[in-house]
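Engineer: Provided herewith is a single structure, encoded as structure tokens, for subsequent inquiry.
The values are calculated or read from the model by the stated rules, or taken from the named source; none is laboratory data. Since we're looking at a predicted model, the values are computed, not measured. Note: ideal-geometry Cβ built from the backbone for every residue, glycine included; neighbour counts use all protein chains shown.
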Amino acid sequence: MQDGNRKMNSKLDEFFKSERARVFEPGPYFTQRVMARLAEQISVQRENGIWDGVLSGARPVFALAMVLLLAFMAIQLFLPDMPERGPIDAVLSPDQTDGEHLIFSGADPSSPELEKMIIITEDGQ
Amino acid sequence: MTFEPELVIRAQAGEGAAQEELVRQFSPMVFRLVSRFFRHREDVEDLAQDVFFKVFTRINQVRPDENFPGWLRRVTINTCYDELRRTRRRNAAFEIYGPQQENEPVAAAEVLVDPGDFGIARVALDALDPKLKIPLILKEVEELSVAEIAQSLGITQTNVKVRLFRARKKLAASLAASPEVKRS
């Protein structure tokens, strides 16, 4: 048994020794090949756009978000701001007196200052 | 040729000449290490390229006071480990789902034809789990110390010793079970 183990160990030692001798050397153009691969990778990275930085699975979501954002910006840009007066106000306002305008503008009609102003404007007319 | 740490700083700054010089200086070391784990020259060359590619994409991780050759050795061993695991998974999948690959690294027929050429030992070594194979090769073939292996693999020295013990035991068991060894 011990003799068998010794034989096997010596065989393994010989095997490891043979493995030590088995070495590949770099070829004459290895350095150039590595540098070319590096340069290629750098140029690919430069060519990559915004989509290459996004995971392929997340691209549809990202695209939808971009479309929504652009649509929102377009609406904000092209549609006019909400008018301060509604259509009914716009129609009726030419017929309103200054006193009525003060009342409909949302000011507190019970305040004595407003009451005084209405009397003054009504008297003036 | 002595290594100048200045080269790493210049390579970190993106200087092509410094990167080229690093490849020139360290490619024999990388080739030697990768040769320990792979038997075909094409595989060795491809992996050596991968190693340098990784090195230059992560070179900013090297601290000025860090031992660059040691760091490079770690990157090389990790690259080999990843590739060995991939090969092992691929071979396992082929055994289950597909026909045997034509250009297997070590074919059984080769062992039968040339048993004197350590064929059985090679098969037994290649059959080892990369976790056991790498420390064993680093110890027995690359002749690194346990401390150096631990540092290269990022594990404790005790863990290295345990892995070496298991690797030797498995290798001996595989060899003892082979018909050629039984005959002798």
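Engineer: What are the residues in the stretch B:51-71 that are farther than 14 Å from A:PRO26 by Cβ, within 14 Å of chain A (Cβ to nearest Cβ) and not in a loop (DSSP other than H, G, I, E, B), if any?
Structural biologist: Scanning the stretch B:51-71 gives B:PHE53, B:LYS54, B:VAL55, B:PHE56, B:THR57, B:ILE59.
Engineer: Could you identify the single residue in B:ALA172, B:ALA124 that is more than 25 Å from B:PHE68 (Cα to Cα), within 12 Å of chain A (Cβ to nearest Cβ) and in contact (Cβ under 8 Å) with a residue 40 or more places away in the chain?
Structural biologist: Step by step, each of B:ALA172, B:ALA124 is checked, and only B:ALA124 is more than 25 Å from B:PHE68 (Cα to Cα), within 12 Å of chain A (Cβ to nearest Cβ) and in contact (Cβ under 8 Å) with a residue 40 or more places away in the chain.
Engineer: I've got another one for you. If you check B:GLU83, B:GLU42, which single one turns out to be buried (at least 17 other Cβ atoms within 10 Å of the Cβ), free of Cβ contacts under 8 Å to residues at least 60 places away in the same chain and over 19 Å from B:GLU4 (Cβ atoms)?
Structural biologist: The unique qualifying residue is B:GLU83.
Engineer: For the stretch B:134-152, how many residues meet the condition of being more than 11 Å from chain A (Cβ to nearest Cβ), surrounded by 18 or more Cβ atoms within 10 Å (Cβ to Cβ) and of a type in the set (Asp, Glu)?
Structural biologist: Here the count works out to 0.
Engineer: Kindly establish whether B:PRO99 is surrounded by 13 or more Cβ atoms within 10 Å (Cβ to Cβ), out of contact with any strand residue (DSSP E or B) (no Cβ under 9 Å at 6 or more places or on another chain) and modelled with pLDDT under 90.
Structural biologist: no
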